[in-house]
1. Residue under question is residue 25, and the condition is that it be surrounded by 14 or more Cβ atoms within 10 Å (Cβ to Cβ), under 30 Å from residue 3 (Cα atoms) and either at pLDDT 95 or above or within 18 Å of the chain's Cα centre (by Cα) (or both); does it hold?
2. Could you please find all residues in the stretch 41-61 being assigned to a helix (DSSP H, G or I), in contact with a helix residue (DSSP H, G or I) (Cβ under 7 Å, 6 or more places away or on another chain) and within 17 Å of residue 83 (Cβ to Cβ)?
3. Any chance the stretch 89-99 includes a residue that's part of a helix (DSSP H, G or I), over 10 Å from the mean Cα position of the chain (by Cα), touching a residue at least 40 places away in the same chain (Cβ under 8 Å) and within 20 Å of residue 25 (Cα to Cα)?
4. Within the stretch 101-120, does at least one residue satisfy the condition of being free of Cβ contacts under 8 Å to residues at least 12 places away in the same chain and within 20 Å of residue 35 (Cβ to Cβ)?
5. Confirm whether residue 19 is surrounded by 16 or more Cβ atoms within 10 Å (Cβ to Cβ), within 17 Å of residue 109 (Cα to Cα) and at pLDDT 95 or above.
6. Looking at 105, 76, which is the one that is under 15 Å from residue 10 (Cα atoms), within 17 Å of the chain's Cα centre (by Cα) and in a helix (DSSP H, G or I)?
7. Is at least one residue of the stretch 65-81 farther than 30 Å from residue 4 by Cβ and modelled with pLDDT of 95 or more?
């Protein structure tokens, strides 16, 4: 089965997810800064800087996966997707805020396995 179309759908979807989250982070999304403070004990200035750096990394990941997806980057994206979904109930939001974000880790993981399957041996 030719999986190129599926790969492109996943690449575009992951790109949009990480680009959107990266832009929100660079804009200094207040909830994310507050959650960082709550979970790490950072002060507002440090949490804001941390979220800015995360935003830049998210945008780099977005373009990397769109242009040339690398399995290590996809694995990181999946792990990061699980963490960022899981932290919502950790900061007091309903478990459904975690559940609704399963695609944030499932899409990178699916592309990771598709690329492994199509890798020449």
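1. Details: surrounded by 14 or more Cβ atoms within 10 Å (Cβ to Cβ): yes; under 30 Å from residue 3 (Cα atoms): no; either at pLDDT 95 or above or within 18 Å of the chain's Cα centre (by Cα) (or both): yes.
When the stated conditions are applied, residue 25 does not pass them.
2. Across the stretch 41-61, the qualifying residues are 47, 50, 51, 54, 55, 58, 61.
3. Step one: of the stretch 89-99, the residues part of a helix (DSSP H, G or I) are 89-90, 96-99.
Pick out the ones that are also over 10 Å from the mean Cα position of the chain (by Cα) and you get 89-90, 96-99.
Applying the additional criterion that residues be touching a residue at least 40 places away in the same chain (Cβ under 8 Å) yields 90.
Adding the requirement that they be within 20 Å of residue 25 (Cα to Cα) leaves 90.
Yes, the conditions are met somewhere in the stretch 89-99.
4. no
5. Values: surrounded by 16 or more Cβ atoms within 10 Å (Cβ to Cβ): yes; within 17 Å of residue 109 (Cα to Cα): no; at pLDDT 95 or above: yes.
In short, no.
6. On the way: 76 fails: under 15 Å from residue 10 (Cα atoms).
Result of the check over 105, 76: 105.
7. The initial filter retains those residues of the stretch 65-81 that are farther than 30 Å from residue 4 by Cβ, namely none.
No, because not a single residue in the stretch 65-81 is farther than 30 Å from residue 4 by Cβ and modelled with pLDDT of 95 or more.
The values are calculated or read from the model by the stated rules, or taken from the named source; none is laboratory data. From a predicted model like this one, the values you see are computed outputs, not experimental measurements. Please note: Cβ atoms are built from the backbone with ideal geometry, for glycine as well, and neighbour counts cover all protein chains shown.
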